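The values are calculated or read from the model by the stated rules, or taken from the named source; none is laboratory data. Given the structure is predicted, the values throughout are model-derived calculations rather than measurements. We place every Cβ from the backbone using ideal geometry, glycine too, and count neighbours over all the protein chains shown.
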There are 2 protein chains.
Amino acid sequence: MELDEARWLALEPEPGETLRVALARTLRDAIRDGALREGVRLPSSRALAEGLGVSRGVVSDAYGQLEAQGFLVTRARSAPQVASVPRREEARRQADVAAPAPRYDLTPTTPDVTLFPRGRWAAAAQHVVRRSSFAKLDYGDPLGEPALRTALADHLGRTRGVVAEPEQIVVVQGTAQGVDLVLRVLRRRGAHRVAVEDPSHTTQHERIRAYGLELVAQPVDERGMVVAGLEADAVLVTPAHQFPTGSVLSGERRRELLAWSHETGGLIVEDDYDAEFRYDRAPVRALQGVAPRQVVQLGTVSKTLAPALRLGWVVATPDLVDELRQAKRLVDDFSPALDQLTLAELLARGDYDRHVRRARSAYRARRDRLLDELARHLPETRVDGVAAGLHVLLRLPDGTSDVETADAALRARIAVPPLSAFRVRPSGEAGLVLGYGRLHEASVGAAVRALGRAIRPLF
Amino acid sequence: MELDEARWLALEPEPGETLRVALARTLRDAIRDGALREGVRLPSSRALAEGLGVSRGVVSDAYGQLEAQGFLVTRARSAPQVASVPRREEARRQADVAAPAPRYDLTPTTPDVTLFPRGRWAAAAQHVVRRSSFAKLDYGDPLGEPALRTALADHLGRTRGVVAEPEQIVVVQGTAQGVDLVLRVLRRRGAHRVAVEDPSHTTQHERIRAYGLELVAQPVDERGMVVAGLEADAVLVTPAHQFPTGSVLSGERRRELLAWSHETGGLIVEDDYDAEFRYDRAPVRALQGVAPRQVVQLGTVSKTLAPALRLGWVVATPDLVDELRQAKRLVDDFSPALDQLTLAELLARGDYDRHVRRARSAYRARRDRLLDELARHLPETRVDGVAAGLHVLLRLPDGTSDVETADAALRARIAVPPLSAFRVRPSGEAGLVLGYGRLHEASVGAAVRALGRAIRPLF
């Protein structure tokens, strides 16, 4: 602890107190309160005496008293350190008694972070930190860095057929913040009902309800979300790869959905989930590209690079840009600029595209392997959905409870959620949503065998 | 454009269309819509032909037609590039007709970003990107990275007398998000009225009103915010250095405020503004350290390092931790992990403390210089507030309008806001809030002379 840091330590003797008693009390209180934490090294007695304007003897005496009382530990020729002492205010919360870590973590929605291109990210980040103009370190545009928005407009146009000017893109902290901002704006506009696919990400259900909006559940079948009967101010949909069923919104359903929006004025919020990871054929074009005035597109690099980066975007409809910009400004001003510029640099260098191709081929191989092993060790099950993404939906035999099945897996230390966990309304369908982002290819066989042993007794 | 990226380009001939006509139409639409943007290089005719499963002649013909129509530009032996063409949907918004950049930007609340320790930040960031465990790239804790929360608990204890366990710190995107999250939680708890200091940051007023909360304005005098008459569910206060008046909350007012909280159950939200930059004496201890169950402390590195990093923290009262964690999870899951770990590394290396000391001494010199020049060139004005922070409040002679004065300065291309701009309720007091974060020491003299020339005629 530099003396400089201890400037808040005011020496204010109480009536009748000597300076040394007052100083000992002040330090003891700071240690007991936890402001001076275990291991903190205090200033030398000479430095503190100077800083407080008292004689060195006053500090030495106070230190000696605190050492005798067990608050400080002193070694020869070095400044005293704060000892481990019971706190007056025991605020530390007990760490939850941790469940044993799963042997196999098959929870979905997580990519394989070991594929993250550390070297390329680090090189681009270095370039940005050392070379950016000083202005980039100052307060920035709530919409995001122009360089990234331009790079994204180009990239999304080329790869997803998105039609966007840089001026209508809002850089956000992942799809999470994208959804939150859109909901905030919808709420402000007087929206009451927001529809989701049933099943879908439950955190999105929570986000909708947190704004006091009514959650409308639309069923999903093998052609994606059912549009018939949709009554809502907006709908959150995953046309490229429905989570978690794995279906793709069919051409007919796409047309129905656009017609619904056209007729009712309802907003389509397209979570362009897993569009980068389609393995069997070309992914369908983003809905946004077909109807840029009716569709807000959300995207993220959480799956293609890493969730820890918290980088995503909202391609806004022209009439929503200003309100989204305002909402972003109020919730956190703007997203971290250096990270945005690093992603722009990665896009400009072609490193991002190269990485996505490499990751796609790794996941495709892993998925093929997984399907082989499932056919061998869990022949009673069926894999649904198109060849895409980072998970499969494993349908269980009729009459099986997926909750009980997932519990049985967990007892064997295999973490895999039941389809029921993603439901708004209960349904008879039983499935496991099996992610392979955390499952290395070499472990696929062993994991599926272990899963088979754990759950086949329930069929 | 890699062929791979163009996978969304579906070739769907309409009745009677040949393949080459259909392809030319598809590409032309994508260019007109803006999905394929100016400068994008298309795949070679051979590659695209292979990808679409058509003969190479079909692609060559379509490319030739589009070139003749001005949609593509082709140079010998290279793939065609999209030309500059008028868009079907001219969504580009005209850039605002920019006002000429000010010669002197004296707006407050911005630090001198040229002091940012690029080399040290870059070194710490490299270490983090290359050495962190893979788990750090995955989804993280909504509260923030444990390494940063521990480093902050130590740092805030040592330097500000804050009493906090790492488990009660929430890492956020600057004070902006800290305030937003606290307001979100208060609203959810049924709060109706939130008080601010008058004058204060107007963006905070907007944040409060955006949640439908009533804004209560408490006057500020030379002893800080007036506590008498305070009726609110929470109060946002800047005890270390009131913005923008520059006063410090007096010992008596601190006791009154804590008593108010104790009696009414009202929450004190302490924006620990400018506490790092006190020049004349020791800064007062953070209020949080005196009453950790009544005070939420907000802090940020926006002033000490750079706003672009978007790194701040909320030290929560024990009863608010879980709700703040939940709110953070819903708004954006968690803050970018690599940035958090880089800051933790900077704190652990002592680089952060060294930088703050260096910056403090630079700002102190600049402030001294500024006061000298103001006394010389604007003798009719008076500087209020303690020696701290990155701005001074310049009181204008009685009867002067600060709005007109600021307008006169702006006509001379000097940007400096009037005190009135920070008011909730109008007041007769006239002042300019003069920031020196963007003003280099060498320019102080010239800037103050220019300001004097521009505004003295109004006195």
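Do we find that A:Leu432 is surrounded by 18 or more Cβ atoms within 10 Å (Cβ to Cβ) and not in a helix (DSSP H, G or I) in this structure?
yes
Could you grab me the full set of residues in segment B:149-191 that are more than 30 Å from B:Pro417 (Cα to Cα), within 7 Å of chain A (Cβ to nearest Cβ) and not acidic (Asp, Glu)?
Hits for segment B:149-191 are B:Ala153, B:Gly157, B:Arg158, B:Thr159, B:Arg160, B:Gly161, B:Val162, B:Val163, B:Gln168.
Looking only at segment A:197-229, filter to residues that are crowded, with 19+ Cβ neighbours inside 10 Å and either under 18 Å from the mean Cα position of the chain (by Cα) or without any contact (Cβ under 8 Å) to a residue 12 or more places away in the chain (or both); which one of those is farthest from the other protein chains (Cβ to nearest Cβ)?
A:Ser200
What do you reckon, is B:Arg438 surrounded by fewer than 19 Cβ atoms within 10 Å (Cβ to Cβ), touching a strand residue (DSSP E or B) at 6+ places or on another chain (Cβ under 8 Å) and closer than 22 Å to A:Tyr139 by Cα?
On the way: surrounded by fewer than 19 Cβ atoms within 10 Å (Cβ to Cβ): no; touching a strand residue (DSSP E or B) at 6+ places or on another chain (Cβ under 8 Å): yes; closer than 22 Å to A:Tyr139 by Cα: yes.
No: the conditions fail for B:Arg438.
Condition test on B:Val194, is it in a strand (DSSP E or B), more than 8 Å from chain A (Cβ to nearest Cβ) and free of Cβ contacts under 8 Å to residues at least 60 places away in the same chain?
yes
Sort out which residues of segment A:236-253 are hydroxyl-bearing (Ser, Thr, Tyr) and more than 19 Å from A:Val392 (Cβ to Cβ), and write them in order of number.
Applying the first criterion (hydroxyl-bearing (Ser, Thr, Tyr)) to segment A:236-253 yields A:238, A:245, A:247, A:250.
Once the filter is applied, which keeps residues that are hydroxyl-bearing (Ser, Thr, Tyr) and more than 19 Å from A:Val392 (Cβ to Cβ), segment A:236-253 yields only A:Ser250.
Can you work out which of the residues in segment B:328-380 that are in contact (Cβ under 8 Å) with a residue 24 or more places away in the chain, in a loop (DSSP other than H, G, I, E, B) and farther than 23 Å from B:Ala176 by Cα is farthest from the chain's Cα centre (by Cα)?
B:Glu380
Hey, among the residues in segment B:125-166 that are among the acidic types (Asp, Glu) and touching a helix residue (DSSP H, G or I) at 6+ places or on another chain (Cβ under 7 Å), which one's surrounded by the fewest Cβ atoms within 10 Å (Cβ to Cβ)?
B:Asp138
Those residues that are over 21 Å from B:Glu167 (Cβ atoms), of a type in the set (S, T, N, Q) and in contact with an Asp or Glu (Cβ under 7 Å, 6 or more places away or on another chain), I need them from segment B:286-315; list them, please.
Passing the criteria: only B:Thr304.
B:Asp274 - would you say it is under 19 Å from the mean Cα position of the chain (by Cα) and either part of a loop (DSSP other than H, G, I, E, B) or within 15 Å of B:Val182 (Cβ to Cβ) (or both)?
yes
Do we find a residue being more than 25 Å from B:Asp180 (Cβ to Cβ) and of a type in the set (Asp, Glu) anywhere in segment A:198-215?
First, the residues of segment A:198-215 that are more than 25 Å from B:Asp180 (Cβ to Cβ): A:198-200.
Next cut, of a type in the set (Asp, Glu) only: A:198.
Yes, segment A:198-215 has at least one match.
If you take the residues of segment A:1-56 that are aliphatic (A, V, I, L, M), in a loop (DSSP other than H, G, I, E, B) and outside the structural domain of A:Leu72 (by TED's automatic domain parsing), which of them is surrounded by the most Cβ atoms within 10 Å (Cβ to Cβ)?
Out of the qualifying residues, it is A:Leu9.
Residues that are of a type outside the set (Phe, Trp, Tyr) and touching a Gly at 6+ places or on another chain (Cβ under 6 Å): does segment A:403-425 have at least one? Step through it out loud before you land on a result.
Start the filter on segment A:403-425 by keeping residues that are of a type outside the set (Phe, Trp, Tyr), which leaves A:403-421, A:423-425.
If we keep only those that are touching a Gly at 6+ places or on another chain (Cβ under 6 Å) as well, we get A:419.
The answer is yes, given that some residue of segment A:403-425 is of a type outside the set (Phe, Trp, Tyr) and touching a Gly at 6+ places or on another chain (Cβ under 6 Å).
For every residue, the table says whether it meets (1) in contact (Cβ under 8 Å) with a residue 40 or more places away in the chain; (2) not small (Gly, Ala, Ser).
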position	(1), (2)
B:Phe243	yes, yes
B:Gly251	no, no
B:Trp260	no, yes
B:Glu263	no, yes
B:Gly266	no, no
B:Val269	yes, yes
B:Asp280	yes, yes
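In contact with a Phe, Trp or Tyr (Cβ under 8 Å, 6 or more places away or on another chain) and either within 27 Å of A:Leu432 (Cα to Cα) or in a helix (DSSP H, G or I) (or both): which single residue out of A:Ser200, A:Ser261, A:Ser247 fits that description?
A:Ser200
So A:Leu324 fits all but one of (1) more than 21 Å from A:Gly437 (Cβ to Cβ); (2) out of contact with any strand residue (DSSP E or B) (no Cβ under 9 Å at 6 or more places or on another chain); (3) hydrophobic (A, V, I, L, M, F, W, C); what number is the exception?
Tallying (1) more than 21 Å from A:Gly437 (Cβ to Cβ); (2) out of contact with any strand residue (DSSP E or B) (no Cβ under 9 Å at 6 or more places or on another chain); (3) hydrophobic (A, V, I, L, M, F, W, C), A:Leu324 fails exactly one: (2).
Within segment B:227-280, track down each residue that is on the phi > 0 side of the Ramachandran plot and among the small types (Gly, Ala, Ser).
Across segment B:227-280, the qualifying residues are B:Gly229, B:Gly246, B:Gly265.
Can you tell me which of (1) closer than 24 Å to A:Ala327 by Cβ; (2) not in a strand (DSSP E or B) is the one B:Arg158 doesn't meet?
(1)
Return yes when B:Ala291 is more than 30 Å from B:Val444 (Cα to Cα), free of Cβ contacts under 8 Å to residues at least 40 places away in the same chain, more than 10 Å from chain A (Cβ to nearest Cβ) and among the hydrophobic types (A, V, I, L, M, F, W, C) and no when it is not.
So B:Ala291 fits the description; yes.
Name the residues in segment B:384-429 that are part of a loop (DSSP other than H, G, I, E, B) and either closer than 14 Å to B:Tyr104 by Cα or in the same structural domain as B:Thr304 (by TED's automatic domain parsing) (or both), would you?
B:Ala412, B:Arg413, B:Val416, B:Pro417 - these are the residues of segment B:384-429 that are part of a loop (DSSP other than H, G, I, E, B) and either closer than 14 Å to B:Tyr104 by Cα or in the same structural domain as B:Thr304 (by TED's automatic domain parsing) (or both).
Going residue by residue through segment B:100-116, is there one that turns out to be touching a Pro at 6+ places or on another chain (Cβ under 9 Å), on the phi > 0 side of the Ramachandran plot and more than 7 Å from chain A (Cβ to nearest Cβ)?
Looking for residues that are touching a Pro at 6+ places or on another chain (Cβ under 9 Å), on the phi > 0 side of the Ramachandran plot and more than 7 Å from chain A (Cβ to nearest Cβ), one finds at least one in segment B:100-116, hence yes.
Got a number for residues in segment A:311-353 being of a type outside the set (A, V, I, L, M, F, W, C), within 7 Å of chain B (Cβ to nearest Cβ) and under 18 Å from B:Gln126 (Cα atoms)?
2
Would you confirm whether or not segment B:208-227 contains a residue that is touching a helix residue (DSSP H, G or I) at 6+ places or on another chain (Cβ under 8 Å), in the same structural domain as B:Ala308 (by TED's automatic domain parsing) and part of a helix (DSSP H, G or I)?
Taking every residue of segment B:208-227 in turn, at least one turns out to be touching a helix residue (DSSP H, G or I) at 6+ places or on another chain (Cβ under 8 Å), in the same structural domain as B:Ala308 (by TED's automatic domain parsing) and part of a helix (DSSP H, G or I).
Which residues, counting only those in segment B:310-327, are among the hydrophobic types (A, V, I, L, M, F, W, C) and either in contact with a Leu (Cβ under 7 Å, 6 or more places away or on another chain) or assigned to a strand (DSSP E or B) (or both)?
Here is the first cut: in segment B:310-327, the residues among the hydrophobic types (A, V, I, L, M, F, W, C) are B:311, B:313-316, B:320-321, B:324, B:327.
B:Leu311, B:Trp313, B:Val314, B:Val315, B:Ala316, B:Leu324, B:Ala327 - these are the residues of segment B:310-327 that are among the hydrophobic types (A, V, I, L, M, F, W, C) and either in contact with a Leu (Cβ under 7 Å, 6 or more places away or on another chain) or assigned to a strand (DSSP E or B) (or both).
Go through (1) more than 22 Å from the chain's Cα centre (by Cα); (2) under 16 Å from B:Leu309 (Cα atoms); (3) more than 7 Å from every other protein chain (Cβ to nearest Cβ) for B:Gln126 and report which single condition fails.
Condition not satisfied by B:Gln126: (3).
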